[in-house]
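See structure below.
The values are calculated or read from the model by the stated rules, or taken from the named source; none is laboratory data. In this text the structure is predicted, and so the values were computed from the model without any measurement. Cβ coordinates were reconstructed from backbone atoms using ideal geometry, including for glycine residues, and neighbour counts include every protein chain displayed. Areas reflect the complete protein model, heavy atoms only, side chains present, ligands, DNA and RNA absent. Shrake-Rupley method; radii C 1.70, N 1.55, O 1.52, S 1.80 Å.
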Amino acid sequence: MMPKNVLGIVYSNSYDACLEALTARRTMGSVPFGGRYRLIDFPLSNMVNCGITKVGVIANSNFRSLMDHIGSGRPWDLSRKVDGLTMLPPFTPTTADSSNRIDSLYRIMDFISHSKQEYVLLMDANFVCNMDLSKLFDFHSKKNADITMGYCYGQLPKLQNQAVIEVDGDSKITSVGIDVKTASDVSYIANVVLIRKALLERLIGDAQSYAYTSFEKDIIQKNVNTLNIYGYKIEEWNCTIDSMNTYFAANMELLEKSARKALFKSDSPVYTKVRDDMPVVYGVSSSCKNSLIADGCLIEGTVKNSIIFRGARVAKGAVVENSILMQDAFVGEDAKLNCVVMDKNTVITPKKVLSGDKNYPLFVGKEIVI
Amino acid sequence: MAKKTECIAMLLAGGQGSRLGVLTKNIAKPAVPYGGKYRIIDFPLSNCVNSGIYTVGVLTQYQPLELNGYIGNGGPWDLDRADGGVHILSPYQQIEGTEWYKGTANAIYQNIQFIDRYNPEYVAILSGDHIYKMDYAKMLQFHKEKDAACTIAMLEVPWEEASRFGLMFTDGDGRITAFEEKPKNPKSNKASMGVYMFTWDKLRKYLIEDENDPASSNDFGKNVIPAMHEAGERLFAYGFDGYWKDVGTIDSLWEANLDLLNPKVNIDLSDTTWKIYGRGANSAPQYIADSAVVENSIVTAGSDIEGKIDYSVLFSDVTVEEGAFVDYSIVMPGAVIKKGAVVQYAMVAENAVIEEGAVVGENPEKCADLEKWGVSVVGPNVTVGKNAVVKAQSMISEDVKEGETV
């Protein structure tokens with residue numbers, strides 16, 4: 001299968017509700033991650049790195065920050081005359097229900113149908129991974145599958161309609177459970193779905209006529225015995241964001257060399273919007289340990305075990321530990337932060353002390369001044 | 001005739017920069033890395049865009065491959081335009097024969113057709129060798145107010161350095177009354193910055209006259225501007241008081257990088273109203289390890305720091321392993337400083353590898369003979385072997401074997 005023959009579709013609003021605080025004014029896709037990225041950079045980069053040339057981004061609500069981030073698609077080399085990137089906002093003035101995947105796909109069916117690609121790859125914005133999708137394509141061809149679902153093995157993410165699967169020795173999916181209650185490790189689908197376009201058109205058309213709403217329940221589960229649905233195990237380091245806690249933990253995991261190596265590879269880079277910041281400046285009295293620092297930061301205080309996004313500033317005497325400082329956040333002199341997530345453009349005035357817990361990080365919302 | 005463009009810029013980027021030695025062996029001087037994530041040419045190009053000049057011709061001649069690739073379609077500087085934008089102008093074959101650019105003026109002369117296509121009223125002639133932030137729009141305004149034929153940007157330099165520059169004398173109105181080219185005993189400290197604003201129809205005339213003069217060396221400073229002066233054209237000096245540095249030598253390039261760490265030096269690259277754009281590497285954020293000590297330094301994306309860094313500028317994707325020490329140094333993209341190695345008062349070029357325990361450069365305070373002290377340079381892709389020593393002032397273009405002293 002030629003990647004050129006695959007149309008990429010990314011849901012930018014996937015599970016917005018599980019990250020309420022961060023998605024109050026943005027989509028899941030535009031949630032900042034890993035010092036300089038937005039979550040949508042991962043599926044987009046995966047797609048272009050394997051050779052996909054046409055991508056549609058479904059944006060149902062709160063998508064202004066996403067549009068600002070994506071622009072013409074140039075950072076992903078998707079600003080093109082032929083194919084390229086298309087934003088797919090709602091057609092009608094009413095906000096679409098972003099949790100209704102079937103409706104979301106139905107509404108962009110003309111875009112899908114008019115694409116010359118024969119296959120469609122669906123991905124979610126809350127799945128952080130640097131994976132080689134061409135392996136999934138080869139798998140799909142080799143198995144002669146109708147649908148291939150990427151799955152992971154581990155703790156079940158706490159997401160609505162989260163599907164748990166069982167596969168046979170040939171990797172064929174034999175059963176699908178939805179919203180299973182379990183504390184043990186299971187195989188769960190990661191919403192990386194490859195399907196022939198004609199089949200998708202038929203399945204979505206049928207589902208819409210029955211007013212079905214769940215892709216997992218009403219399409220995958222119902223057809224598990226009638227269609228050849230295969231499970232492709234994603235072996236690469238990955239993380240499904242399902243809450244503020246996993247968001248915080250996933251960011252912090254990047255302080256481990258193994259996670260960084262797995263996510264940031266020189267032969268399959270993660271692309272993002274360029275900001276033209278200057279490099280990081282470390283002041284005379286600064287101290288920085290075990291931290292990820294993005295360009296444009298000015299570090300004059302102490303930073304430990306933290307993720308510091310582009311343009312953030314830590315003033316003299318300030319101590320930032322176990323925290324995430326998003327773009328252009330400012331920590332004033334002698335302020336002390338522990339387990340804090342500071343959203344974009346936030347300010348902590350001098351001498352303030354803020355502390356959360358690793359299992360309950362304190363969140364400071366966008367543009368708040370404390 | 002094309003739509004009229006008020007002002008276009010011609011950027012002279014053909015210089016070899018031979019005094020930069022190994023650093024310009026394979027690249028033209030304007031492509032030399034500077035300031036952690038930039039190249040020298042980013043400064044004039046960004047100045048153009050920030051000044052509202054959206055048509056820029058870049059004249060290349062020496063080792064243009066890297067520079068051409070770097071500039072590409074001009075996207076990073078917002079110079080990929082439907083009308084105008086950035087154009088790479090190399091010497092080309094002509095019916096009367098082919099010529100290299102013989103001098104700065106000849107380079108522009110050979111591209112008169114290019115300039116005429118844009119039908120500009122004014123042409124800025126810039127050089128790709130300097131680090132400075134300047135609003136050419138203000139200079140153009142001055143040029144128009146003075147009804148000048150040529151305006152030369154002028155910087156007052158310290159008297160002791162004046163003899164290195166082309167100097168100017170001006171009257172109370174700023175009009176240039178005389179020139180002095182690198183005099184032994186300078187009587188002026190008003191130095192030319194190599195930034196010119198010309199009224200195009202005047203310049204066009206003098207370029208053609210200059211080309212027809214076989215005795216001319218076809219240089220702006222030596223020939224064209226003196227000729228305009230002699231003919232009584234209105235030449236003015238436009239005063240500039242910001243940071244400006246010619247980075248033509250190893251020492252000045254090293255200093256200009258470290259200037260970014262000097263709070264007394266007025267070159268703020270974090271100013272969002274005058275951004276310096278560049279084609280940056282798409283690297284992950286830098287990682288500073290538990291064992292790292294980073295102070296008073298600049299470090300760029302993709303770097304992985306486990307060692308100690310003081311008063312240094314590190315470019316993108318640099319690795320400094322545990323126990324290594326980088327002091328008063330410039331480390332260019334992709335370089336690796338291994339365990340226990342010391343890099344001090346040195347410049348390490350792109351993708352060079354300093355093996356374990358090697359020592360590059362000397363601290364002038366510990367140097368017995370200050371006369372022999374100077375910045376050490378390790379060239380691109382060079383490996384300095386285990387426990388090898390690169391002495392002060394050395395410039396290394398070949399691998400250094402284990403334990404060797406050079």
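What the table below lists for this structure:
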item	result
Complete set of residues in the range A:54-95 that are within 14 Å of another protein chain (Cβ to nearest Cβ) and in a strand (DSSP E or B)	none
Residue count for the range A:322-361, restricted to those that are part of a strand (DSSP E or B) and either under 22 Å from the mean Cα position of the chain (by Cα) or aromatic (F, W, Y) (or both)	7
Top-ranked residue of the range B:270-284 - restricted to ones that are open to solvent by 50 Å² or more (accessible area, probe 1.4 Å) and at the interface with another protein chain (Cβ under 8 Å from one of its Cβ atoms), ranked as modelled with the lowest pLDDT	B:N282
Count of the range A:268-295 residues which are out of contact with any strand residue (DSSP E or B) (no Cβ under 7 Å at 6 or more places or on another chain) and not aliphatic (A, V, I, L, M)	8
Residues of the range A:74-84 classified as under 16 Å from A:L39 (Cβ atoms) and more than 16 Å from the chain's Cα centre (by Cα), total	1
Matching residues, the range B:146-162, being surrounded by fewer than 20 Cβ atoms within 10 Å (Cβ to Cβ) and assigned to a loop (DSSP other than H, G, I, E, B)	B:K146, B:D147, B:V157, B:P158
For B:Q113: the one exception among (1) farther than 27 Å from B:Q16 by Cβ; (2) open to solvent by 60 Å² or more (accessible area, probe 1.4 Å); (3) part of a helix (DSSP H, G or I)	(1)
Residue match in the range B:118-126 (condition: more than 30 Å from B:K146 (Cα to Cα), open to solvent by 10 Å² or more (accessible area, probe 1.4 Å) and in contact with a Phe, Trp or Tyr (Cβ under 9 Å, 6 or more places away or on another chain))	no
Residue under evaluation B:I267, criteria (1) under 20 Å from the mean Cα position of the chain (by Cα); (2) surrounded by fewer than 20 Cβ atoms within 10 Å (Cβ to Cβ); (3) more than 13 Å from chain A (Cβ to nearest Cβ), criterion not met	(3)
Those residues of the range B:63-79 which are assigned to a helix (DSSP H, G or I), open to solvent by less than 30 Å² (accessible area, probe 1.4 Å) and of a type outside the set (A, V, I, L, M, F, W, C), in sequence order	B:Y70, B:G75
Positions within the range A:262-291 being within 16 Å of B:I309 (Cα to Cα) and more than 7 Å from chain B (Cβ to nearest Cβ), in sequence order	A:S285, A:S287
Some residue of the range B:285-292 being within 14 Å of another protein chain (Cβ to nearest Cβ), open to solvent by 10 Å² or more (accessible area, probe 1.4 Å) and either under 22 Å from B:N262 (Cα atoms) or in a strand (DSSP E or B) (or both)	yes
Matching strands (runs of 3 or more DSSP E) fully within the range A:184-263 where at least 1 residues are aromatic (F, W, Y) and open to solvent by 10 Å² or more (accessible area, probe 1.4 Å)	A:186-196, A:229-233
Residue satisfying all of: in the range B:297-325; in contact with a strand residue (DSSP E or B) (Cβ under 6 Å, 6 or more places away or on another chain), farther than 17 Å from A:R260 by Cα and open to solvent by 10 Å² or more (accessible area, probe 1.4 Å); nearest to the other protein chains (Cβ to nearest Cβ) among these	B:D310
Among the residues listed as A:A294, A:A259, the single one being more than 8 Å from chain B (Cβ to nearest Cβ) and of a type in the set (A, V, I, L, M)	A:A259
Residues of the range B:24-54 satisfying the condition of being in a helix (DSSP H, G or I), at pLDDT below 95 and buried (at least 24 other Cβ atoms within 10 Å of the Cβ)	B:K29, B:P30, B:A31
Complete set of residues in the range A:278-295 that are assigned to a strand (DSSP E or B) and crowded, with 21+ Cβ neighbours inside 10 Å	A:V280, A:V281, A:Y282, A:C288, A:S291, A:L292, A:I293
Failed item, numbered, when B:A9 is tested on (1) farther than 24 Å from B:A346 by Cα; (2) away from chain A (no Cβ under 14 Å); (3) assigned to a helix (DSSP H, G or I); (4) touching a Gly at 6+ places or on another chain (Cβ under 9 Å)	(3)
Single condition B:Y243 does not satisfy, out of (1) touching a strand residue (DSSP E or B) at 6+ places or on another chain (Cβ under 9 Å); (2) within 9 Å of chain A (Cβ to nearest Cβ); (3) surrounded by fewer than 20 Cβ atoms within 10 Å (Cβ to Cβ); (4) farther than 20 Å from A:L325 by Cβ	(2)
